Structures are given as C-alpha cells and as structure tokens.
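Colleague: Please see the structure below; I have some questions.
The values are calculated or read from the model by the stated rules, or taken from the named source; none is laboratory data. A quick note: this is a predicted structure, and the numbers were derived from the prediction, not measured. Reconstructed Cβ throughout: ideal geometry from the backbone, glycine too, with neighbour counts over all protein chains shown.
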Amino acid sequence: MTSQPRWFTLLATTLLGWSTLLPNAAAAQTQLYELQGFRELALTHTTIAILPFKGAAFVSPLQSMMQDDADIRREADLRGLEMQATLESWFLKRSERGKFIVQVQPTTETNAILNDNEVTLDNLTERTPQEVAKLLGVDAIVTGTVQARQPSMLAAAAVSWMTQGSSNVNSYAILDLEVYDTEYGELQCNYRKRILRSPWVGESRLLHVLARKTSRRIAYKGKL
C-alpha cells in the first residue's frame, strides 16, 4: 500500500480531532419518530436486546469493483455485528452513569439464541419483531441498518475537504434504528442519523459516533 506524504499525514492527524464535528446541516441530519406513549411505555421495560444490524460494506465504488460479492457480503456482516457491539457498549456506559433505565441483554447471549433457533439476517423478515422479541425473552428489541458512502479516491476527498469545505464531500454514514416492543409488537421508535464522514476518519470511529448519539436520543435515557 502506498504511503501518504508526510505533510498529508501531519495534516490528517491535526484535523482528525475535529473533522467529524464540523456543523453542516446538509451532511449531519437527524430524524426521530416515536409512537405516542412510547416514553411512558419505556419506563415499564426491564430488558432490551440489540439485534445484529443489517450492514453495508464501507467501501468506495472503486473498491467494490475490485472485490467479489462474497467479500463485500462478509464485510457487510462484520459491520453489522460491530454496530451491534458498539451500541451495546454505549448503552452500558450510559447505564453505569445512571442515564439508561433498562438492562441490555448481552449481545453474545442474543446472538446465541438467534443462532440456536436458526434466525439470521437473511431470514429475519420471516418472523415478526414481536416473535423475535418473545424468542429472546426481552421487553423490546433494537434493530436496524448501518451504511456508509465514501469517495473512490482518498486524496481527492482530502483536497476537496481542505479547499471547498465539508459540505462538498459526498461521504457519509447513516444509521437507521428501530425499536419494537414485545407486548404490542409495534414500531415504537425510529431514529435515523446521518453524519458527515471526513477522509481521515475510520469505520470504527464512525460507528462509535453513531452509537453515542443514539444512546442520547432514544427514550430509554429515562427522561419524559
């Protein structure tokens, strides 16, 4: 792999700390839907489970042309599992701070139950969310998708970022999260977050940003 010039590395290091935080209405968007009464219902819940997310490989158009379908699918599945684990981590962090009111079923336990019952991302739609929630023995399930777009050339994206500003960089990550309750089997909450992706921020960092913002917005934070 060709290394970047030293000036590029130094500049990337300098900008890394603030590059994802630049205010940009077009790049960073939030949509939150909550069914009426969900915040009150959330206060009655004890345990929730986070399902593996439907992921998408975080690759550029050029990279996707150079990889076969099996590799892209494998990376997508890994991103979905990483999003699941990252969201669990942030829920637990907020729980330790007294800012999360429910217990989170360990994702290892969740995945083991799903595997034992032959439930996968491919056949998940064959069951209702209520059936999956009852199978896991929880009050609600958290599920969704995560995807990202990045330009084909890192260098070109970096130049665009530095010369034209973040609004001209067509690179972003999107989390689309849903919460279904066990009692009614209804979609109680839909949270969609789109964040700008700078050329210097890696995939794991993106997932952490998405998970952190999510943990602050959904009703299980305990405030009506």
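Colleague: Scan (1) out of contact with any helix residue (DSSP H, G or I) (no Cβ under 8 Å at 6 or more places or on another chain); (2) at pLDDT below 95; (3) part of a strand (DSSP E or B) for the single condition N190 breaks and write down its number.
Modeller: (2)
Colleague: Please list, ordered by first then second residue, the pairs with beta carbon atoms under 9 Å, 6 or more apart or interchain, first in the range 138-150 and without any contact (Cβ under 8 Å) to a residue 60 or more places away in the chain, second buried (at least 21 other Cβ atoms within 10 Å of the Cβ) and part of a strand (DSSP E or B).
Modeller: Taking only residues 6 or more apart or on different chains, the pairs are R149/A173.
Colleague: Okay, next question. Can you tell me how many residues within the range 71-120 are touching a residue at least 12 places away in the same chain (Cβ under 8 Å), closer than 17 Å to R212 by Cβ and out of contact with any strand residue (DSSP E or B) (no Cβ under 7 Å at 6 or more places or on another chain)?
Modeller: 9
Colleague: Can we say W161 is surrounded by 15 or more Cβ atoms within 10 Å (Cβ to Cβ) and at pLDDT below 60?
Modeller: It is true that W161 is surrounded by 15 or more Cβ atoms within 10 Å (Cβ to Cβ) and at pLDDT below 60.
Colleague: Mind checking which helices (runs of 4 or more DSSP H) fall wholly inside the range 69-149 and carry at least 2 residues that are touching a helix residue (DSSP H, G or I) at 6+ places or on another chain (Cβ under 6 Å) and farther than 21 Å from R192 by Cα?
Modeller: 107-116
Colleague: Okay, moving on. Whether any residue in the range 67-78 is at pLDDT below 95, buried (at least 19 other Cβ atoms within 10 Å of the Cβ) and aliphatic (A, V, I, L, M) is what I want to check.
Modeller: Yes, the conditions are met somewhere in the range 67-78.
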